[in-house]
Amino acid sequence: AASQEFEQWVQETTSARLDKGSFFGGGGWNIKPAALLSLLDKGHSTVMWVDSDIVVTSDLEQIWAKATNGNLVVTEEPWMMQKIRGDTRTRRWNLPVKRDLKCSINSGVVIVHAHHRPLLERWRDLMEGEQYTTAQAMPFNDRPIHMKSDQDVLTALICSHSEDELPVMILKSGRHIIQ
């Protein structure tokens, strides 16, 4: 439910459009892949998710331009889970490790294209699975490292694809965004 002020802002800008449709159930961070898929289903070729606690500190048009090459765009995890590498999460999901990231992924900003649909579907399916939903019912600190949140699943999936299979642009905290 967007506020009237936000709806007015969207109406006055040419670079945004408000979709008030209910295209996913539930709430919280686990809705990201379903929401992105829903917007792709509506015919959008490129879709951007931005968490409400993100401040963009660089030229968003330049970021968007880099995304138009077909790159998946995500942000780096700046602190909390940074010490646990992506390959750990990938192995714990029993996925092949094809990439070693120098940082963990944060899903505060995600830009996807229509050709990312299989990745989004796999992301959604893993988070809808019994193993993940059971872990989500646990206190955060008791959850396995690969199931703390949606971004741990996304990190595992990205690391299970080579750079050739899945080009990724990682926005840097402080340089591109502040979270």
Checklist entry - Within region 95-147, can you find the residues that are under 19 Å from residue 28 (Cα atoms) and of a type in the set (S, T, N, Q)? => result 106, 107, 131, 133, 134, 136, 141
Item to check | Filter result (modelled with pLDDT under 85, open to solvent by 50 Å² or more (accessible area, probe 1.4 Å) and either within 14 Å of the chain's Cα centre (by Cα) or more than 19 Å from residue 18 (Cβ to Cβ) (or both)) within region 30-63 | outcome: 50, 52, 53, 55, 57, 59, 61, 62
Checklist entry - Name the pairs whose Cβ atoms lie under 9 Å apart, with the first residue in region 97-108 and without any contact (Cβ under 8 Å) to a residue 40 or more places away in the chain, the second open to solvent by 10 Å² or more (accessible area, probe 1.4 Å) and not aliphatic (A, V, I, L, M), and 6 or more positions between them or separate chains? => result 102/76; 102/85
Next on the checklist: So, in region 117-145, exactly how many residues are within 15 Å of the chain's Cα centre (by Cα) and not hydrophobic (A, V, I, L, M, F, W, C)?
Outcome noted: 6
Checklist entry - Just wondering, is there one or more residues in region 112-135 that are surrounded by 14 or more Cβ atoms within 10 Å (Cβ to Cβ), at pLDDT below 90 and within 30 Å of residue 55 (Cβ to Cβ)? => result no
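Rundown of residues vs (1) at pLDDT below 85; (2) within 20 Å of residue 170 (Cβ to Cβ); (3) surrounded by 14 or more Cβ atoms within 10 Å (Cβ to Cβ), yes/no style:
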position: 80; (1), (2), (3): yes, yes, no
position: 96; (1), (2), (3): no, no, no
position: 110; (1), (2), (3): no, yes, yes
position: 137; (1), (2), (3): no, no, no
position: 140; (1), (2), (3): no, no, no
position: 151; (1), (2), (3): no, yes, yes
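The values are calculated or read from the model by the stated rules, or taken from the named source; none is laboratory data. Only a predicted model underlies this, so the values are computations on that prediction, with no experimental measurement involved. Note: ideal-geometry Cβ built from the backbone for every residue, glycine included; neighbour counts use all protein chains shown. Please note that ligands, DNA and RNA were not included when accessible areas were found on the heavy atoms of the full protein model with its side chains. Shrake-Rupley method; radii C 1.70, N 1.55, O 1.52, S 1.80 Å.
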